[in-house]
C-alpha cells in the first residue's frame, strides 16, 4: 500500500502545469462574435422606429425607412422533402422571416446585390451560384444556430438553406441596422448574415403562435373548425395587437400569421412594440376556418 502511494506521489510531482494563454474572460472555443458596432448609437437619442419626429441621423441605430417590422410565420402540414429528413417541428409554427416594411406599408426588396445569396430570385435579380448560406453558419462555428434553423425555419419543396438565403437577400439587405457599415472596420465576411439569422430567431421566440392558440383551446384538427374572430382574439389577448392572418383555399384554411411592430433601438437587440396589422386578413370572416393537423410523417419531436 505504501509503495503504491509513493508511486502516485511521484507521478503527481512530475506533472508540469500548462499556463492558460487565453485572455481573461475569453471562451474556451474560438467561435467568432457576430454583433455589430453600435457604440456610436450611445450618443444618439433612442426612439421607436416610425415614431421619430426628426430624421434618423445614424441609420445603424434604428431601422429606417423599413421601421415597420413584421415577424412572419407559416403553418404547413407537409414539406415535400420528408424522405430527405426535412420535417416540421411538432407543437410549433415555423419561421417565415423578419421583414422591414416602410412606415407607410410599402417595402423594398433585394437592396444590396453584392449580398445576394438567393439561388432563385425574381426576374431582374441575378441568381446566386456560390456555396449555400448554411456553409456561412458552419464557418462561424455556429452548429447550434444551424440545428435550430433546420428544426424551425422550414422550406416547402426545396432545401431549407435556399429559403434562408432568400429571406436574407430580400429583406435583411433592406434593413438599415444590418448594413455593412454598422459592423465597423473589424467586419468579418458574412458576419451580417449570421447576425440576421440570430435576430430572426430572437423575434420568433417573442410570438409562440402554437402555444398562444393552444392556451385558448385552439388546436390543429381535421374535425373541428374555428371562427376568424376566435383565432384573432386568442392572439390579440397575448400580444395586445391584431396580427395579420393568412388563409388559403378561398380563405378557409389557416396558413400564415404576421406580427407587426415598431422597434425601440435596433432590429437585432431592441424592444418590439406590437401593433395592429396594416394588411387585411385573407381569411373568411363568415366561413369556418380550418387549422388542419399535420401529416404524421411530416413532423418530428424537437426541443423548443
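Bear in mind these aren't lab numbers, they're just calculated from the coordinates by the rules spelled out. These numbers were taken from a predicted model, which means no experiment stands behind them. Note: ideal-geometry Cβ built from the backbone for every residue, glycine included; neighbour counts use all protein chains shown.
Descriptive notes on the structure:
- For the stretch 121-136, a tally of residues being within 19 Å of residue 34 (Cα to Cα) and without any contact (Cβ under 8 Å) to a residue 40 or more places away in the chain returns 3.
- Condition check for residue 109 on (1) in contact with a helix residue (DSSP H, G or I) (Cβ under 8 Å, 6 or more places away or on another chain); (2) surrounded by 15 or more Cβ atoms within 10 Å (Cβ to Cβ): one failure, at (2).
- Out of 281, 221, sole residue that is in contact with a strand residue (DSSP E or B) (Cβ under 9 Å, 6 or more places away or on another chain), part of a loop (DSSP other than H, G, I, E, B) and under 26 Å from residue 81 (Cβ atoms): 221
- Output for the stretch 137-149, where each listed residue is touching a residue at least 40 places away in the same chain (Cβ under 8 Å) and touching a helix residue (DSSP H, G or I) at 6+ places or on another chain (Cβ under 7 Å): 137, 140, 142, 145, 148, 149
- Test: residue in the stretch 149-157 that is over 30 Å from residue 274 (Cβ atoms) and surrounded by fewer than 18 Cβ atoms within 10 Å (Cβ to Cβ): yes
- Residues of the stretch 59-78 that turn out to be in a loop (DSSP other than H, G, I, E, B) and out of contact with any helix residue (DSSP H, G or I) (no Cβ under 6 Å at 6 or more places or on another chain), as a count: 6
- Scanning the stretch 285-304 for residues that are assigned to a loop (DSSP other than H, G, I, E, B), touching a residue at least 12 places away in the same chain (Cβ under 8 Å), within 26 Å of the chain's Cα centre (by Cα) and farther than 14 Å from residue 255 by Cα yields 295, 301, 302, 304.
- Here residue 167 does not fit the description of being farther than 30 Å from residue 51 by Cβ, within 17 Å of the chain's Cα centre (by Cα) and surrounded by 14 or more Cβ atoms within 10 Å (Cβ to Cβ).
- Filter pass, residue 256 being farther than 20 Å from residue 77 by Cα and either touching a residue at least 40 places away in the same chain (Cβ under 8 Å) or crowded, with 19+ Cβ neighbours inside 10 Å (or both): no
- Within the stretch 259-273, the residues that satisfy the criterion of being touching a residue at least 40 places away in the same chain (Cβ under 8 Å) and part of a strand (DSSP E or B) are 259, 260, 261, 262, 263, 264, 272, 273.
- Residues that are buried (at least 21 other Cβ atoms within 10 Å of the Cβ) and either free of Cβ contacts under 8 Å to residues at least 12 places away in the same chain or in a strand (DSSP E or B) (or both), drawn from the stretch 233-245: 245
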